[in-house]
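Below is one structure; the comments refer to it alone.
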Amino acid sequence: MSAKTYRTVPVRNLSSDELLELSKKQKLSLSREDMEVVQQIFREIDRDPTDVELEVIAQTWSEHCKHRIFSASISHSVNGGAPETVNSLFKTYIKKPSEKIMERKPGFVLSAFDDNAGFIALDDNLAVCLKAETHNHPSAIEPYAGANTGLGGVIRDILGAGKGAKPIASLDVFCFGAPDTNPADITAPDVIHPLGIMRGVVRGVRDYGNRMGIPTVNGAIQFDPTYIYNPLVFCGTAGVIPRGDILKEMRPGLKVIVIGGRTGRDGLKGATFSSAALDEASHEEDFTAVQIGNPIEEKKTLDFILEARERGLIVFITDCGPGTHGYGRGGKRPSGTPEAGRHLPDGTDRPGPFRRYGNPEGLAQGGTRLLPGQLQAA
């Protein structure tokens, strides 16, 4: 890796307070305890990390990617009642009920918790795959783009499910403050009024799906003052896939192709930003963490994937969501090579390794895919 494209970040001799300040300054969204573990790791190997390495750790450990809160043991009580401990929200309220359905209806759920989406049987030949997720923080500071790319992300997950499923319909659930909220009742600065958030989010989801030719067929909306400062934006997509194309397996010797749009400076630190609490500075400091959607590029990617799957060219496929792939879109060589792909065709400077690794959300849009497969003449 060229010394011109990365820098070393001294951490081994920092105090606990300095480690926390470093995390805040670089928006790593790592706690004091996390940073102390990072420090110990690099003390043991007797060197300081590069900015790229720090960003990779921050992405990997982020709530967005690791879901540590979902996996933690949480003790709580309701209305002063007896304390209750939940050992993993994910295992208790998502995985366990799903496994009960699988036991009760054998052969209905074909695959769950193993891929970018779950699969259920449609008939003897086809399966339906389903995926839903949230895009809350991005929609709070940039409603149109946040919701736009929220839908684009779940469409991308369907394309990365199995050996490539075909997205056919989307749904959404929105939770906002009341659209007639008195502006005087919004006490925090730089908070977008619920009516503005609602209009931007609705348009963002609508436009992305329409431009890809994927209709939004169902939805729901909830208004409550709780959501004035942190709206919830759920996006989901359903797809279909031949049952014989669900299973896939990575193996040595496959050629790897990355397809999709180009890397820009949008989406920087998207995974770590969405793992931190919103505050008064978020609207000014974090708007670049919201990626710019590219539905036209993703539609071209969709067409390519489905054609490649039909021709038997795909052995394994996954999407390049946050933290999945440490290299930006459109590059020709690994980022470890000196000055790899440093300039765009228009002559502008291409982000170096730090921005490639720090830009998981930016590279995620436009239909970027990690596509290992065995190539043959078409």
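The values are calculated or read from the model by the stated rules, or taken from the named source; none is laboratory data. None of the values given here were measured: they were computed from a predicted structure. We place every Cβ from the backbone using ideal geometry, glycine too, and count neighbours over all the protein chains shown.
Values computed for the structure shown
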read-out	value
Extreme residue, surrounded by the most Cβ atoms within 10 Å (Cβ to Cβ), among residues of the stretch 70-112 that are outside any strand (DSSP E or B) and in contact with an Asp or Glu (Cβ under 9 Å, 6 or more places away or on another chain)	ALA112
Breaking point among (1) surrounded by fewer than 18 Cβ atoms within 10 Å (Cβ to Cβ); (2) more than 20 Å from GLU133 (Cα to Cα); (3) of a type in the set (A, V, I, L, M), for ILE192	(1)
Meets criteria (of a type outside the set (Ser, Thr, Tyr) and touching a residue at least 12 places away in the same chain (Cβ under 8 Å)) for PRO179	yes
Total residues in the stretch 138-161, condition touching a helix residue (DSSP H, G or I) at 6+ places or on another chain (Cβ under 8 Å), over 14 Å from LEU232 (Cα atoms) and of a type in the set (D, E, K, R)	1
Filter result for GLY204 (in a helix (DSSP H, G or I), at pLDDT below 95 and of a type outside the set (A, V, I, L, M, F, W, C))	yes
Some residue of the stretch 137-152 being surrounded by fewer than 18 Cβ atoms within 10 Å (Cβ to Cβ), within 25 Å of ILE317 (Cβ to Cβ) and hydrophobic (A, V, I, L, M, F, W, C)	no
Qualifying positions in the stretch 299-315 - under 17 Å from LYS255 (Cα atoms) and assigned to a helix (DSSP H, G or I)	PHE304, ILE305, ALA308, ARG309
Residue list for the stretch 207-237, restricted to those being in a helix (DSSP H, G or I) and either out of contact with any helix residue (DSSP H, G or I) (no Cβ under 9 Å at 6 or more places or on another chain) or of a type in the set (S, T, N, Q) (or both)	ASN210, THR226
Filter result (charged (D, E, K, R) and in contact with a Gly (Cβ under 7 Å, 6 or more places away or on another chain)) within the stretch 153-199	ARG156, LYS166, ASP172
The stretch 46-75 residues that are in contact (Cβ under 8 Å) with a residue 40 or more places away in the chain, paired with ones that are loosely packed, with under 15 Cβ neighbours inside 10 Å and hydrophobic (A, V, I, L, M, F, W, C) (beta carbon under 7 Å, 6 or more apart)	GLU63/ILE69
Which numbered condition GLY107 misses (of (1) free of Cβ contacts under 8 Å to residues at least 60 places away in the same chain; (2) among the small types (Gly, Ala, Ser); (3) within 22 Å of THR134 (Cα to Cα))	(3)
Condition check for LEU130: touching a residue at least 60 places away in the same chain (Cβ under 8 Å), within 20 Å of ASP319 (Cα to Cα), buried (at least 23 other Cβ atoms within 10 Å of the Cβ) and aliphatic (A, V, I, L, M)	no
Single condition PRO231 does not satisfy, out of (1) crowded, with 16+ Cβ neighbours inside 10 Å; (2) closer than 13 Å to VAL173 by Cβ; (3) modelled with pLDDT of 95 or more	(3)
Test: residue in the stretch 126-140 that is assigned to a helix (DSSP H, G or I), more than 30 Å from VAL109 (Cβ to Cβ) and of a type in the set (Gly, Ala, Ser)	yes
The stretch 237-266, subset surrounded by 23 or more Cβ atoms within 10 Å (Cβ to Cβ) and under 30 Å from HIS193 (Cβ atoms), residue modelled with the highest pLDDT	THR237
Hits in the stretch 153-194 - residues which are within 30 Å of VAL315 (Cβ to Cβ) and of a type outside the set (A, V, I, L, M, F, W, C)	GLY153, ARG156, ASP157, GLY160, GLY162, LYS163, GLY164, LYS166, PRO167, SER170
Within the stretch 41-59, considering residues that are assigned to a loop (DSSP other than H, G, I, E, B) and of a type outside the set (A, V, I, L, M, F, W, C), the one nearest to LEU28 (Cα to Cα)	PRO49
Residues of the stretch 143-184 that turn out to be under 11 Å from GLU133 (Cβ atoms) and basic (Lys, Arg), as a count	1
